[in-house]
Every structure is written in structure tokens, then in C-alpha cells.
């Protein structure tokens, strides 16, 4: 039952926007109910796993939650907005990072933890297949804004950028599996297939930032693995560019356009982001402690009238404007702690364990991809994009603890008399070695009567 609830949570977190189910409770969705049910199942089980240290992200997450709560209070003090809507925004901002604790304290054993990690990747591959199917339905002939795939992350092209960020985050994980796992041809093949699925899905979203994020992730993984491999990969990418669909190259080329005077300018979509960010900086200077949670789109029209009601298209700018400089500092510290956790997992993973080394390397680059994905978007607070990321973070921390504990136990010195006791119990009993407990305690050798 526990694994079934975890599996349902992993799947529905990604597909919650594609299959929204009304619970009849204001502000509560099926993801919330699944989380509560999974948490209850976790508490009902006995944890037989390794002794885990204090959660690495506990303090930074709590401080970040505190700044979000202050931003919510500022929003409510303004006297505008709907109280239920504000409470829902507060709940969503704090809810999905809690998946980290759920994965870390899941009370799953090593095999079950590994199964849940694999399931996270399988759901990502399934989501990529859905985006590819949408792309094939639209066709890759000529780029049209309304023909952008969004996969399970929405019912229209408006969510294509966030879908692209999600797929770009998983590219380095699958690539690390493909190039790092040793003597596991099946999993290396699965990693290569995963990279291909993510690449085609990103092309179907036509998200230019996701193209760049995926390339950065690939570059970091291959450089960490082998310099020669990086050269081969770079050459392959250069060759494959010529085989990309025309609509994809057209989408990239339209980033720079030639004006009527002949000068090179960026396209209106890119230029609009810079104008919004300029308006956001003016907003922050006037409200250094923030304008309140979910109030950026209300205020931006006062500083950039053309973009009244727009999102910031940058989560760091959004956090600065809504939560103030203290909120941005808390967010940056949380991201720094994420990078430190990823480094600790890489260093703790047994050097001879290619599986643990590959997963921790892929996750480390995944964190970098997530951070880059929030430069031109606000996916950090999107549960469908980030929910499984937080869960994977906790599961991997637990997985590495299992792996490192197993290596330590195998490396512990064993008394040769205990080996003898396990192989020859009768001889051990005659020698005074008692093997009745798991610790195999040694008993003193019995004294023999001397001859007269």
C-alpha cells in the first residue's frame, strides 16, 4: 500500500493539470489528499532503513516558508484580492517542497526506494512521449505559436515553456545514466532512450530557453565524465543541427530580427521580458519589503503599463518584488543548500558504485538546470513541474545513505574466529565461540581439568 500511494503521488503530481479532479473542498486538490494519505501510510510503517542525519534542507526551507508567510501577510494587509485565493497561493508555495521530507523519511527499504526513483524517471519519459505525440499532431513544418506542445502541463500552448523546462531538467539525469552506469547495458540503453525522448519533447515545445538549458546540462555531464567524450558529443551536436526540423531552426533564428533601419534587434517576446524586469526593479525600489504574495501582476501595470497583468517571467525578480530582498536572500540560500546537498551526495556515494555515482551526478546537474529554468520563467512554484523534483531529492538522499551504509558494513573488519564459527559451528562450540546472536559475541574458552 505504501508503494502504491507513492506511485500514485509521483504520477498524479505531473498530470494534475492535465487531469484536474475537483475534490469539492475549496483550495484542496487530489494532490493534497494523496500527500496526506501517503504521509499517514509512512507514519504507520516502521523505519528499518539507515540512520539518517538531520534533513539537509530543513532549515533553509523553513526560513523560505517564513518569508513566503510574511509576503502573504503583506498581501492581506493591502485589503485587495480574494482571501481564499491568497490562502491557496500560500498553500501551494509551501506544499510541494514538503515532498522532499516525504521522500527522505519514506520508510522504504533500498529496493523500494530505488523503484520509486525509477518511477520518477518513467513518468518523465511518459510525459515526454505525450509532448512528442502533440508535436507530431501539429507537425514540424512551420513554427506557429499556437502549435507548441505542453505535454501534461496544461491544455494549451501557454504552458509550453514550463513543459520545456521540465524536460530540460531530466536531460542530464538520463544522460548521466547512459554514460556512467557500468555493466548495466539495459539501464544505459534506457538512459539513451530517455535523452532522445527529452530532446524531441523539448523541440516540440519550441521553448528556446529549454534548448539552452538542455545543452548546458549535456555539456556539464560529458565534461565531468570525459573530455574526449565531450568533444565527440560536441561534434555530434554540430552534425545533428543540420537535421533539425525547419520549424525548430526558425524558432531559434527569430530571436534576432532585422529592423526597418537594418539593425539587429531581439524579437518582441525577448524584449518584453527585459521591460517587465525593468518595471519590477522600479517596483522593488518603491516597495523594498515586497508588494505581497501574488501581487506582481496587479502592480506591474503601474511601472510597465503595456504589461498590466503579466507574470514576471523570472522567479528571482518575482520573489524580489513580492517577498522583498529578505525573501530573495532566503531563496538563494535554499538554492545554495541544494547545490551543497548535491555535492555531498556525489562525495558520499561509493566510488565503486557506478549506479549511485551516475544518479548523483545527474541530480547535481538537474539542480543547475532547475535554477536556469527560473531565469526566464516562474516554474519554481509550479507543483506539476517541481513536485517530483522535491520528491526525487529526498529519495536520492535516502538511497545514498543506504548505499554508503552497505559499503561501510562490507568494509568492516571481521574477526577470523567469527568466520570460522559461521562455517564450522561444531568446531566453534568446541573452541568456546558462541554464535547465538547477530553480533557473534566471543565467550571465554572453557578451562580444561589438568591431569594429575
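Readers should treat all values here as calculations from the given coordinates under stated rules, not as data from a laboratory. All of these numbers come straight from a predicted model, not from anything done at the bench. We place every Cβ from the backbone using ideal geometry, glycine too, and count neighbours over all the protein chains shown.
Per-peptide packing, taken as the mean over residues of other Cβ atoms within 10 Å, places 10-23, 205-218 in the sequence 205-218, 10-23 from highest down.
Compared with the alpha-carbon gap, the fully stretched path from residue 111 to residue 144 is longer by 7.3 nm at 0.36 nm per residue.
Modelled spin labels at residue 289 and residue 48, positioned 7 Å past Cα toward Cβ, are 5.3 nm from each other. A protection proxy built from the mean count of other Cβ atoms within 10 Å ranks the segments 322-331, 153-162, most packed first, as 322-331, 153-162. For the peptides 144-152, 393-401, the ranking by packing is 393-401, 144-152, with the highest mean count of neighbouring Cβ atoms within 10 Å listed first. The overall shape of region 22-118 is oblate: from the C-alpha gyration tensor, with semi-axes ordered a ≥ b ≥ c, the ratio a/c is 1.5 or greater and a/b is no larger than b/c.
Label-to-label distance for residue 271 and residue 58 is 5.2 nm, based on points extended 7 Å past Cα in the beta-carbon direction. Gyration tensor analysis over the Cα atoms of region 95-192 returns equivalent ellipsoid semi-axes of 30, 19, 10 Å (largest first, whole Å).
All distinct Cα pairs of region 314-379 go into the 1/r average, and the inverse of that average, the Kirkwood radius, is 13.0 Å.
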